[in-house]
Each structure stands twice: as structure tokens, then as C-alpha cells.
Amino acid sequence: MEHSGMERAGVLQALLDERHSCRDFLPQTVPRETIARMLRMAQRTASWCNTQPWRLFLGSGDSTRRLKEALAQVAGRAPAEPDMPFPAAYENEHLARRRAAGFQLYAAAGIEKGDRQASRALSLKNFELFGAPHCLVVATPAYLGPYALVDCGGWIANFLLAAQAHGVAAIPQAALAQHAPVLRRHFDIDPALTIICGISLGFERQSSPLNAYRTDRAPMEEVCAWHA
């Protein structure tokens, strides 16, 4: 049993280590049954009182094309209108980690420090879904409050691992939630639902430098206080 447990833990560790945010997708679509299996796996996510508060809206094919066109009309032009407020500022270690990740991304893209035009162009690729053929929007009933958001975060993490297990690349995008009204119109999302984020998914362009780097994680001692 112990050996079996270690093997299972090794599979999970491999998936966690391999998973990364894909920023350059191939146009090839993912088979519907593959996505369905990923969704069924993520459906096992634990939630408060088993409420399973996530509501999902998935676009493929022509739907994805039309969504990209709608986002192109507002990206970089219209003011942000997220359902949830974004952080007003980042401080201390959170700021440092955010900057480090940004520097890695810019280095991978060949963007030199201070090149605002190039960095803006890269940012706008969010609204092209980085070329992905599928977009999944995650929402939750607003009346359930913050714990539903926690539950949905668990669902998102499990869905990303399920995608990795199936050889499917993905990237969760809070950037898409900046234009919640566009997503709401496109997917006919009930106003009673809070839009949390979008997830672009497809197959990774493995030759792209945007997919070659990996962000670091803080050591355990930095995030966990042990008490005996």
C-alpha cells in the first residue's frame, strides 16, 4: 500500500511540476470527449456543503472566433468592468513575486525593459486567447459569497491538472474578466452570476519561447508556520 501511495503521489507531483500557463496555442481543436473527461474529473472538487457553486460556459469553433472579435472591440479601449474588484496594489513579497514572473515573461518574449509598446502588444494577446481554439468562462452565484469563490478556485486548480493529465494546455485568465459585460453577452450569462475568470485551452505550440520558461514557487518555510 505504501509503495502504491508513493506512486500515486509521484503522478500528482509530476502533473504539478509540468503544468504551466500556455501563452501560444496551436489552432487544432481538442476533441469534445477529451474536454468532457476533464470536466468530469474536475467535478469531483470538494466544496462548501457540496454546493458545487461553479457555473461553466465553454466556447469552441465559431463561438471562439466571435468571442475574439468581440474582445478585440474593447481590449485596450474600453474601461475595465470586472464583476469582482482587482487588487488595488501589490505589496512586499506579493509584489516581488509578481515582478519576477513578469520579468520572466518579458525575457521569453524578447521584450526589453521599458519597451511599453511591446509589453502592451503582448498583454493584448490575452484577448486573442493566445490563439487558443477554446475558451471556458467560470462563474458562480453572487449570493453565495466569498466561500463560493474559494470553491471555484479549487475547481479551477483541479481542471488545470485534469487538462495536464490529458496533454491539453491551458491558461487561467483574470484579464478576460476585465470585460465581464462582453463575456456575459456572448455566453448569455445570468446577471445573478459573478464572472470569475476565463480559461483558454488547446494544444501547446511547443516551439514557442513563451511556453519554455517556468515560474518559481516560494519555499514551504516562507508560507507555512508549523506549531507543535
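The values are calculated or read from the model by the stated rules, or taken from the named source; none is laboratory data. Just so you know, these numbers come straight off a predicted model, no measurement behind them. Here the Cβ positions follow ideal geometry from the backbone for every residue, glycine too, while neighbour counts run over all protein chains shown. Side chains are part of the model used for accessible areas, which takes the heavy atoms of the whole protein and leaves out ligands, DNA and RNA. Shrake-Rupley method; radii C 1.70, N 1.55, O 1.52, S 1.80 Å.
Within the set Pro27, Pro87, Pro79, the sole residue that is within 18 Å of Gln173 (Cα to Cα), open to solvent by 90 Å² or more (accessible area, probe 1.4 Å) and of a type outside the set (D, E, K, R) turns out to be Pro79. Do we find that Gly154 is under 30 Å from Ala14 (Cβ atoms), surrounded by fewer than 18 Cβ atoms within 10 Å (Cβ to Cβ), in contact (Cβ under 8 Å) with a residue 12 or more places away in the chain and in contact with a strand residue (DSSP E or B) (Cβ under 7 Å, 6 or more places away or on another chain) in this structure? Here the answer is no, as Gly154 does not meet what is asked.
The helices (runs of 4 or more DSSP H) found wholly in the stretch 1-112 and carrying at least 2 residues that are small (Gly, Ala, Ser) and in contact (Cβ under 8 Å) with a residue 60 or more places away in the chain occupy 61-74, 92-109. Please work out if Ala218 is modelled with pLDDT under 95 and open to solvent by 20 Å² or more (accessible area, probe 1.4 Å). Judged against the criteria, Ala218 is not a match. Selection within the stretch 56-76: residues that are exposed (fewer than 12 other Cβ atoms within 10 Å of the Cβ) and small (Gly, Ala, Ser). The member of this set that is modelled with the highest pLDDT is Gly61. If you go through the stretch 191-207 and keep only what is surrounded by fewer than 17 Cβ atoms within 10 Å (Cβ to Cβ) and in contact with a Lys or Arg (Cβ under 9 Å, 6 or more places away or on another chain), you end up with just Pro191.
Just one residue in the set Ser47, Ser123, Ser21 is hydroxyl-bearing (Ser, Thr, Tyr) and either over 17 Å from Pro172 (Cα atoms) or surrounded by fewer than 12 Cβ atoms within 10 Å (Cβ to Cβ) (or both); that residue is Ser47. With respect to the conditions (1) free of Cβ contacts under 8 Å to residues at least 24 places away in the same chain; (2) assigned to a loop (DSSP other than H, G, I, E, B); (3) in contact with a helix residue (DSSP H, G or I) (Cβ under 7 Å, 6 or more places away or on another chain), Thr215 lacks only one, and its number is (1).
So is Val137 farther than 13 Å from Arg23 by Cβ and not in a helix (DSSP H, G or I) or not? Considered against the rule, which asks whether it is farther than 13 Å from Arg23 by Cβ and not in a helix (DSSP H, G or I), Val137 comes out as yes.
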